[in-house]
1. Can you work out the Karplus-derived ³J(HN,Hα) for every residue in the stretch 71-87? Use 6.51 cos²θ - 1.76 cosθ + 1.60 with θ = phi - 60°, whole Hz, and x for glycine or proline.
2. Rg/Rh for the stretch 10-99: what does it come to with C-alpha atoms and Rh from Kirkwood?
3. Would you mind counting up the charge near residue 66? Only other residues with Cβ under 13 Å from its Cβ, with Lys and Arg at +1 and Asp and Glu at -1.
Amino acid sequence: MRQVSNLCDYFVILSGTSLRQVNALAQAIQEDLDKDSISSLSKVPTNDESGWIVLDYISVIVHIFHKPKREFYDLEHLWSGAKRIRVSRDKITERVKTFQ
């Protein structure tokens, strides 16, 4: 992101298939990083129904969307000048196992 904005180094963009899943993803991310004393400047609202939760970790901003909201706001297009880094499910699973 630094090449197109001084806002942060990375955006992490993910989506859930329901509002409940979006909230669960946000809560899980926040809880896992809190265990390592990494706190977000923003907190997960209880039972958020907006379809878009943002967790701000200063150099990394996590956007968790309900799928229709992600398609509507299309951050990938808005920030298309930024370098994309795709992470496969296998890499995520492998990475998660190293923390367990």
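Throughout, read-outs are computed from the coordinates displayed, never taken from laboratory work. Note that this is a predicted model, so its numbers are computed, not measured. Virtual Cβ from ideal backbone geometry, glycine too; neighbours counted across all protein chains shown.
1. 5, 5, 7, 6, 4, 4, 6, 4, 10, 5, x, 7, 5, 9, 10, 8, 10
2. Rg/Rh for the stretch 10-99 comes to 0.95.
3. That sum, taken over residues with Cβ under 13 Å, equals +1.
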